[in-house]
1. Going residue by residue through the stretch 88-98, is there one that turns out to be surrounded by 14 or more Cβ atoms within 10 Å (Cβ to Cβ), at pLDDT 95 or above and part of a loop (DSSP other than H, G, I, E, B)?
2. Quick one: in the stretch 11-21, of everything that is in a helix (DSSP H, G or I) and modelled with pLDDT under 85, which residue is farthest from E63 (Cα to Cα)?
3. Report yes if some residue within the stretch 105-112 is at positive phi and either surrounded by 12 or more Cβ atoms within 10 Å (Cβ to Cβ) or more than 18 Å from the chain's Cα centre (by Cα) (or both); otherwise report no.
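The values are calculated or read from the model by the stated rules, or taken from the named source; none is laboratory data. The shown structure was predicted, so the numbers you read here are calculated from the model rather than taken from an experiment. Reconstructed Cβ throughout: ideal geometry from the backbone, glycine too, with neighbour counts over all protein chains shown.
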Amino acid sequence: MGPVWMHAKQLSGMPFEQNIWMNNPPSSSYPACIAVKSAALQSSHFEDIYLRKLREAVMMRGENISKRDVLIELAERLAHEDKNFSIDKFENDLQNDELLEIFQKDLQEVKYHNINRFPSLVIRNVKNKAIIISGYRPYSILIDAIKQLINIEETQKINPADYKDYWQFLTDREIHEVD
């Protein structure tokens with residue numbers, strides 16, 4: 001995965017701690033994916049924030065997100081920032097067989113749609129109509145796909161200050177995209 005991630009850095013302009021592949025490479029992405037599902041059981045908001053924390057941990061700080069202690073530490077940070085996030089529920093759900101079934105359904109969907117290129121993004125509307133976008137795409141392409149899917153001409157302009165407040169930490173590249 002190292003060369004794939006380095007290519008992603010080149011295409012996206014996002015920072016990446018490339019020494020992770022030499023110092024402490026993740027053995028699998030599955031534990032992190034399952035941890036995201038655990039956060040999602042509390043809310044979609046916590047799912048988004050936890051996923052962001054995972055990405056920052058691995059891409060910017062070179063943390064091994066296949067290790068349980070790293071996953072728990074990230075959840076603890078989230079619980080510290082938002083008292084509505086339950087670290088106890090997160091840890092209990094992380095060990096729950098139901099959570100593994102949810103993750104297995106995601107893997108089945110990947111197989112069903114013959115997704116074999118990463119990243120791939122499935123954007124689904126309320127009527128369950130979906131568009132699958134594979135590979136790295138500019139922000140404008142993603143916005144156009146969303147407009148097509150939800151049948152609107154204009155999207156609401158993102159307020160950069162609100163965006164920064166929501167995510168707390170943003171890279172220069174992300175700020176450039178929303179400005």
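1. No, the conditions are met nowhere in the stretch 88-98.
2. Start the filter on the stretch 11-21 by keeping residues that are in a helix (DSSP H, G or I), which leaves 11-12, 20-21.
Next cut, modelled with pLDDT under 85 only: 11-12, 21.
Details: L11: 22, S12: 20, W21: 10 Å.
Here the residue is L11.
3. Kept after step one, since they are at positive phi, are these residues of the stretch 105-112: none.
No, every residue in the stretch 105-112 fails to be at positive phi and either surrounded by 12 or more Cβ atoms within 10 Å (Cβ to Cβ) or more than 18 Å from the chain's Cα centre (by Cα) (or both).
Every residue, every condition in (1) surrounded by 18 or more Cβ atoms within 10 Å (Cβ to Cβ); (2) not in a helix (DSSP H, G or I); (3) not assigned by TED's automatic domain parsing to the domain that holds H176, yes or no:
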| site | (1), (2), (3) |
| --- | --- |
| V4 | no, no, yes |
| P25 | no, yes, yes |
| C33 | no, no, yes |
| A39 | yes, no, yes |
| H45 | no, no, yes |
| I65 | yes, yes, yes |
| D69 | no, no, yes |
| F85 | yes, yes, yes |
| I102 | no, no, yes |
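Residue-by-condition table, conditions (1) outside the structural domain of A8 (by TED's automatic domain parsing); (2) surrounded by 11 or more Cβ atoms within 10 Å (Cβ to Cβ); (3) in contact with a Lys or Arg (Cβ under 9 Å, 6 or more places away or on another chain); (4) at pLDDT 85 or above:
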residue	(1), (2), (3), (4)
V122	yes, yes, no, yes
K127	yes, no, no, yes
R137	yes, yes, no, no
I146	yes, yes, no, yes
N151	yes, no, no, no
T155	yes, yes, yes, no
D165	yes, no, no, no
T171	yes, yes, no, no
I175	yes, yes, yes, no
